[in-house]
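Undergrad: Following this message is one structure expressed as structure tokens.
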Amino acid sequence: MIIDAHQHLGICDTFDHNVTEEDVLNTLNANKIDGTIIFPFPGSMDEKGDHDRIYALTQKYPKRFFGVISLNPHIQKIDYLTEVERLVKLGFKAIKIHPYGHACNPIYKTVDKVFEAANTFNLPVIIHTGIGTPSALPSNAIPRAKQYPHLKIVLAHAGAYIYSIEALITAKECPNIYLEPSWVPAFVIKNFVKEIGAHRVMFGSDILASQASELCKFTSTLSGPELDQCLYGTVKEVFNLSV
């Protein structure tokens, strides 16, 4: 079984993307991927609409689509928490923040509400890392990981190669941090598994056009139980998926 830990749906004005339900389904089928974690782009102009579309996918294709909350953290706290609660009741599995797309930093006070919500509902937090430094530096996750040591935190892109060593150091410092290494070379992924174990590394692709190549990084460098853990086991355990 293969679960993609990082996919998007909707229109993104920040990165100029437009991904439809048909696009996602066709790509999953073409690459023989069983399911995906999916969330709105950080540049969405219709966050509620995109979350509702994701919910519809999770209902139409249960055990194949798993929604993640991605909200602008600069909205009022009561509005943020109310929407998170609504989406948790709909079965969404985690919360995502994007330091570049949301113009924030994990250590900023405006992000307090994100981790408070995650703590309240016991949800993992996905943090974009890499593009958008210094706010998107992997090490910015350390204070939050220590503030909430029982919460699972996933570093999306694992530093995106240029900061991949920092992502690894961050994960070694905080045992509740996991790495999703899209945009990272295959040899670095292999080293991640060697250094922190396959149980803390998960396959993700981010962009549909990259799904096949991102998958190949894992299948060409790992095998056996380690490969199975990265392609399926880790994401299932971190996001508590019923598959």
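The values are calculated or read from the model by the stated rules, or taken from the named source; none is laboratory data. No experiment lies behind these values; they were computed from the predicted model shown. Quick reminder, even Gly has a Cβ in these numbers, built from the backbone with ideal geometry, and neighbours come from all protein chains shown.
Undergrad: Can we say I189 is surrounded by fewer than 24 Cβ atoms within 10 Å (Cβ to Cβ) and among the β-branched types (V, I, T)?
TA: So I189 does not fit the description; no.
Undergrad: Further question on the same structure: So for region 6-27 (the condition being out of contact with any Gly (no Cβ under 9 Å at 6 or more places or on another chain), assigned to a helix (DSSP H, G or I), among the hydrophobic types (A, V, I, L, M, F, W, C) and at pLDDT 95 or above), does at least one residue qualify?
TA: yes
Undergrad: Any idea which of K63, K93, K32 is part of a loop (DSSP other than H, G, I, E, B), of a type in the set (D, E, K, R) and closer than 25 Å to T120 by Cβ?
TA: Of the residues listed, the single one that is part of a loop (DSSP other than H, G, I, E, B), of a type in the set (D, E, K, R) and closer than 25 Å to T120 by Cβ is K93.
Undergrad: Consider region 194-216. How many of its residues are surrounded by 22 or more Cβ atoms within 10 Å (Cβ to Cβ) and not acidic (D, E)?
TA: 7
Undergrad: Here's something else I'd like to know. Hey, among L241, L222, which residue is at pLDDT 95 or above, among the hydrophobic types (A, V, I, L, M, F, W, C) and surrounded by 21 or more Cβ atoms within 10 Å (Cβ to Cβ)?
TA: Sole residue among the options that is at pLDDT 95 or above, among the hydrophobic types (A, V, I, L, M, F, W, C) and surrounded by 21 or more Cβ atoms within 10 Å (Cβ to Cβ): L222.
Undergrad: Any idea how many residues of region 161-177 are in contact with a Ser or Thr (Cβ under 7 Å, 6 or more places away or on another chain) and surrounded by 21 or more Cβ atoms within 10 Å (Cβ to Cβ)?
TA: So the count comes out to 4.
Undergrad: Any residue that is part of a loop (DSSP other than H, G, I, E, B), under 14 Å from the mean Cα position of the chain (by Cα), small (G, A, S) and surrounded by 22 or more Cβ atoms within 10 Å (Cβ to Cβ) - is there at least one of those in region 70-78?
TA: No, region 70-78 contains no residue that is part of a loop (DSSP other than H, G, I, E, B), under 14 Å from the mean Cα position of the chain (by Cα), small (G, A, S) and surrounded by 22 or more Cβ atoms within 10 Å (Cβ to Cβ).
Undergrad: Right, here's the next one. From L231, L208, L227, grab the single residue that is of a type in the set (A, V, I, L, M, F, W, C), in contact with a helix residue (DSSP H, G or I) (Cβ under 8 Å, 6 or more places away or on another chain) and over 20 Å from T27 (Cα atoms).
TA: Unique residue meeting the criteria: L227.
Undergrad: Can you tell me which of (1) among the basic types (K, R); (2) without any contact (Cβ under 8 Å) to a residue 40 or more places away in the chain; (3) surrounded by fewer than 20 Cβ atoms within 10 Å (Cβ to Cβ) is the one K236 doesn't meet?
TA: Only one criterion in (1) among the basic types (K, R); (2) without any contact (Cβ under 8 Å) to a residue 40 or more places away in the chain; (3) surrounded by fewer than 20 Cβ atoms within 10 Å (Cβ to Cβ) is unmet by K236, namely (2).
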